[in-house]
1. In this structure, does Lys140 turn out to be crowded, with 16+ Cβ neighbours inside 10 Å and either part of a helix (DSSP H, G or I) or without any contact (Cβ under 8 Å) to a residue 24 or more places away in the chain (or both)?
2. Can you tell me how many residues in the range 58-78 are of a type outside the set (S, T, N, Q) and part of a loop (DSSP other than H, G, I, E, B)?
3. Working only within the range 79-104, note down all residues that are out of contact with any Cys (no Cβ under 8 Å at 6 or more places or on another chain), surrounded by 15 or more Cβ atoms within 10 Å (Cβ to Cβ) and part of a strand (DSSP E or B).
4. Is it the case, given these coordinates, that Val130 is within 22 Å of Asp67 (Cα to Cα) and surrounded by 18 or more Cβ atoms within 10 Å (Cβ to Cβ)?
5. With the checklist (1) part of a helix (DSSP H, G or I); (2) at pLDDT below 90; (3) acidic (Asp, Glu) in hand, flag the one item Asp125 doesn't pass.
6. Looking at (1) modelled with pLDDT of 85 or more; (2) buried (at least 18 other Cβ atoms within 10 Å of the Cβ), which one does Tyr173 not meet, given that it meets all the others?
7. Might you let me know whether the range 64-78 holds any residue that is surrounded by 10 or more Cβ atoms within 10 Å (Cβ to Cβ) and modelled with pLDDT under 80?
8. Out of the range 156-170, which residues are open to solvent by 20 Å² or more (accessible area, probe 1.4 Å) and either in contact with a Cys (Cβ under 6 Å, 6 or more places away or on another chain) or not hydrophobic (A, V, I, L, M, F, W, C) (or both)?
Amino acid sequence: MKKNLISIIILALLVVNIILTSIMMFSVTSASSKTAALVDNIATVMNLELTAKAETGEEVINVPIADTATYDIEEAMTIPLKTSEGDDQEHYCLLSIGFSMNTKEKDYKTYGSGDLSQYESRIQDKINTVFAQYTIEEAKGNEERIKKEILKSVQEMFDSEFIFDVSFSSIIYS
């Protein structure tokens with residue numbers, strides 16, 4: 001009789017275990033599907049951000065590296081910055097800058113197939129104009145915004161978007 005009673009208790013515990021396991025599986029599966037949906041939503045949003053419009057309202061341009069040419073202004077530029085209120089000392093920015101160009105853009109060949117040396121002084125003027133609007137504190141905190149402003153200014157100068165990126169290879173503030 002003891003053996004039968006123990007067998008019945010074991011059987012009851014097995015049934016309870018199967019029931020609890022199935023309940024746990026359904027609850028974990030639903031939570032897992034909700035997590036998968038959340039990850040899908042995040043991936044969708046991230047993909048939208050990659051192809052979304054920039055702050056300026058212009059589309060973000062994705063150019064393959066094979067279709068990219070670069071032009072670096074050889075001489076480092078020393079640019080005077082706007083003086084801060086209460087600071088009578090002049091501050092400067094020592095900058096090496098480069099431009100990324102889309103070789104598939106129609107205006108790339110029009111403007112010397114990537115050799116911008118004949119336009120270098122005008123480009124430097126645009127860069128000086130943008131940096132002159134910032135104090136040293138503002139310039140340090142807004143480098144990405146400055147890059148966008150330089151890019152916009154240079155694109156307006158050429159009336160083309162064959163230059164699609166600006167990069168600072170070195171930047172030193174003093």
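The values are calculated or read from the model by the stated rules, or taken from the named source; none is laboratory data. Remember, it's a predicted structure, so these values are computed and weren't measured experimentally. In this analysis, Cβ positions are derived from the backbone assuming ideal geometry, glycine residues included, and neighbour counts consider all displayed protein chains. With ligands, DNA and RNA removed, areas are computed over all heavy atoms of the protein, side chains included. Shrake-Rupley method; radii C 1.70, N 1.55, O 1.52, S 1.80 Å.
1. no
2. Result for the range 58-78: 9.
3. Tyr92, Cys93, Leu95, Ser96, Ile97, Phe99, Ser100, Met101, Asn102
4. no
5. Checking Asp125 against (1) part of a helix (DSSP H, G or I); (2) at pLDDT below 90; (3) acidic (Asp, Glu), the one that fails is (2).
6. (2)
7. Among the residues of the range 64-78, not one is surrounded by 10 or more Cβ atoms within 10 Å (Cβ to Cβ) and modelled with pLDDT under 80, which makes the answer no.
8. Those that are open to solvent by 20 Å² or more (accessible area, probe 1.4 Å) and either in contact with a Cys (Cβ under 6 Å, 6 or more places away or on another chain) or not hydrophobic (A, V, I, L, M, F, W, C) (or both): Glu156, Asp159, Glu161, Asp165, Ser167, Ser169, Ser170.
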